[in-house]
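**Q** Got a structure for you, written out below as structure tokens; questions coming shortly.
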Amino acid sequence: MRRLRPRPHRDRGGTLLLQPRSRQPRRLRVTPPVRGDRGSILLLVPAAFLVVMILASIAVDMSLVHLRQRQAHDLASGAANDAVTAAANHMELRNGRAQLAQADAEAVVGRIVAASDLAPQVVGAPVVRVRPGTVEVELSLRADYVFASVVPGAPDGTNVTATATATAATT
């Protein structure tokens, strides 16, 4: 399509103009609607709405699982930090040797988990591993689905597991 360059021209009244001459717009042919296409959008809108609602429910359920995963990690991390602090022999730690008592670490982790708001969702007992100078805590939480429980045969939730490690060190 060729562009029109602005050239000076005079309008009907004799006034000098610097605007391009415009072409008359083309008229578009309008075809009459085909009789079989009437109302087809009425079927597409509810189907699209249903698809959007299903995708939104999946997004909500997966975000709840991700939230439980973060909460499980925060709980495991706090319990590991408290356990390494409580289970350390402070006299040995001052001499540069970190000796941790397994029973003390397990007791502290058990109390921390029981006192948490997430205690009803904890699946099983937390696993506490004590190595020289390190406490590792592993625990599982139950993450319940909100929308998937409506679907027959779908699981009501899933278990998420988190592991955290804390190390005793002198500063």
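**Q** In the stretch 141-171, how many are among the charged types (D, E, K, R) and farther than 28 Å from residue 81 by Cα?
**A** The qualifying residues number 1.
**Q** Name the one entry in 11, 104 that is charged (D, E, K, R) and at pLDDT 75 or above.
**A** Of 11, 104, the one residue that is charged (D, E, K, R) and at pLDDT 75 or above is 104.
**Q** Another question, if that's okay. Restricting to the stretch 52-87, what's the tally of residues that are basic (Lys, Arg) and either surrounded by fewer than 18 Cβ atoms within 10 Å (Cβ to Cβ) or farther than 20 Å from residue 155 by Cβ (or both)?
**A** The number of residues fulfilling the criteria is 1.
**Q** Which of the residues that make up the stretch 117-141 are under 24 Å from the mean Cα position of the chain (by Cα) and under 19 Å from residue 158 (Cβ atoms)?
**A** 118, 119, 120, 121, 122, 123, 138, 139, 140, 141
**Q** Output the strands (runs of 3 or more DSSP E) that fall wholly within the stretch 118-171 and possess 2 or more residues being closer than 21 Å to residue 59 by Cβ, or say none.
**A** It comes to 134-144, 157-167.
**Q** In this structure, does residue 20 turn out to be more than 30 Å from residue 140 (Cα to Cα), surrounded by 10 or more Cβ atoms within 10 Å (Cβ to Cβ) and at pLDDT below 80?
**A** The answer is yes for residue 20.
**Q** Another question about this same structure. Looking at the stretch 150-161, which of the residues that are surrounded by fewer than 20 Cβ atoms within 10 Å (Cβ to Cβ) and touching a strand residue (DSSP E or B) at 6+ places or on another chain (Cβ under 8 Å) is farthest from residue 76 (Cα to Cα)?
**A** My answer is 156.
The values are calculated or read from the model by the stated rules, or taken from the named source; none is laboratory data. Every value quoted in this text rests on a predicted model; they were computed, and no experiment measured them. All Cβ positions, glycine included, derive from the backbone under ideal geometry; neighbour counts span all protein chains shown.
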